[in-house]
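Here's the structure we're looking at; comments come further down.
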Amino acid sequence: MAVPLLDQAAAKAIGPLVGIGGKSRNTVVGLSALRRSRPVAYVFAAPGLSAGTLRELAGWRHDGTRVYRVESWADLAGPIGREDALVIGILPGTLAEGVGRRLQDLGAGE
């Protein structure tokens, strides 16, 4: 199961929303935190994520999680100051709905 790639324009477009989610606690950072926070609406993976972990996250798509690899990690993770993290998740709710609309507007949705 291939994981779609989110290009730089899409990462820049949703980066501010990810930043807002960091302040409102609707954004989850790190693999361990993601595993504890399920269900997760969106998962964004850094380019350096291992193939095994990416396969694990891709499997979450069966539960409705939308999983993307991110081409330009700094544009997505920078707004929350977590460029060191390898995965970021968005919890279900209004923030996830906003991310979904923005991705759809850009043609990046599934």
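The values are calculated or read from the model by the stated rules, or taken from the named source; none is laboratory data. What you are looking at is a predicted structure, and each value in this text was computed from that prediction instead of being measured. A quick note on method: Cβ atoms are made from the backbone with ideal geometry, for glycine too, and the neighbour counts reach across all protein chains shown.
Select from the stretch 85-110 the residues that are closer than 20 Å to Glu56 by Cβ and either at pLDDT 95 or above or within 12 Å of the chain's Cα centre (by Cα) (or both) and list them in ascending order. Break it down into steps so the answer makes sense when it comes.
So the first thing to find is which residues in the stretch 85-110 are closer than 20 Å to Glu56 by Cβ, and the list is 85-92, 110.
Answer for the stretch 85-110, where residues must be closer than 20 Å to Glu56 by Cβ and either at pLDDT 95 or above or within 12 Å of the chain's Cα centre (by Cα) (or both): Ala85, Leu86, Val87, Ile88, Gly89, Ile90, Leu91, Pro92.
Give all pairs with beta carbons closer than 6 Å in which a residue from the stretch 54-70 that is in contact (Cβ under 8 Å) with a residue 40 or more places away in the chain meets a residue that is among the basic types (Lys, Arg); count only pairs at least 6 apart in sequence or on separate chains.
Here the result reads Val67/Arg61, each pair linking the stretch 54-70 to a residue that is among the basic types (Lys, Arg).
Farther than 13 Å from Val87 by Cα, out of contact with any helix residue (DSSP H, G or I) (no Cβ under 6 Å at 6 or more places or on another chain) and not hydrophobic (A, V, I, L, M, F, W, C): is that true of Ser50 in this structure? Walk me through it before giving the result.
Numbers: farther than 13 Å from Val87 by Cα: no; out of contact with any helix residue (DSSP H, G or I) (no Cβ under 6 Å at 6 or more places or on another chain): yes; not hydrophobic (A, V, I, L, M, F, W, C): yes.
No; evaluated as a whole, the condition is false for this residue.
Given Val28, Val99, Val43, Val87, which one is surrounded by 12 or more Cβ atoms within 10 Å (Cβ to Cβ) and farther than 19 Å from Asp7 by Cα?
Details: Val99 fails: farther than 19 Å from Asp7 by Cα; Val43 fails: farther than 19 Å from Asp7 by Cα; Val87 fails: farther than 19 Å from Asp7 by Cα.
That would be Val28, the only listed residue that is surrounded by 12 or more Cβ atoms within 10 Å (Cβ to Cβ) and farther than 19 Å from Asp7 by Cα.
So Ile20 fits all but one of (1) buried (at least 19 other Cβ atoms within 10 Å of the Cβ); (2) hydrophobic (A, V, I, L, M, F, W, C); (3) touching a Leu at 6+ places or on another chain (Cβ under 9 Å); (4) closer than 15 Å to Ile90 by Cβ; what number is the exception?
Of the numbered conditions (1) buried (at least 19 other Cβ atoms within 10 Å of the Cβ); (2) hydrophobic (A, V, I, L, M, F, W, C); (3) touching a Leu at 6+ places or on another chain (Cβ under 9 Å); (4) closer than 15 Å to Ile90 by Cβ, the odd one out for Ile20 is (1).
For Glu56, which of the numbered conditions (1) under 18 Å from Ala9 (Cβ atoms); (2) surrounded by fewer than 20 Cβ atoms within 10 Å (Cβ to Cβ); (3) among the charged types (D, E, K, R) fails to hold?
(1)
From the list Ala13, Ala33, Ala2, which residue is part of a helix (DSSP H, G or I) and closer than 18 Å to Ala108 by Cα? Don't jump to the end; show me each part of the working.
Numbers: Ala33 fails: closer than 18 Å to Ala108 by Cα; Ala2 fails: part of a helix (DSSP H, G or I).
That would be Ala13, the only listed residue that is part of a helix (DSSP H, G or I) and closer than 18 Å to Ala108 by Cα.
Given the conditions (1) closer than 18 Å to Gly100 by Cβ; (2) within 12 Å of the chain's Cα centre (by Cα); (3) small (Gly, Ala, Ser), and given that Ser24 satisfies all but one, which numbered condition is not satisfied?
For Ser24, the exception is condition (2).
Restricting attention to the stretch 41-84, report how many residues are of a type in the set (Gly, Ala, Ser), part of a helix (DSSP H, G or I) and under 10 Å from the mean Cα position of the chain (by Cα).
So in the stretch 41-84, the residues of a type in the set (Gly, Ala, Ser) come out as 41, 45-46, 48, 50-52, 58-59, 64, 72, 74, 77-78, 81.
Next cut, part of a helix (DSSP H, G or I) only: 51-52, 58-59, 74, 77-78.
Now restrict to residues that are under 10 Å from the mean Cα position of the chain (by Cα): 77.
So the count comes out to 1.
For Arg101, are the conditions met, namely being more than 19 Å from Ala11 (Cα to Cα) and not aromatic (Phe, Trp, Tyr)? Explain how you work it out, then say what you get.
On the way: more than 19 Å from Ala11 (Cα to Cα): no; not aromatic (Phe, Trp, Tyr): yes.
Criteria not met by Arg101.
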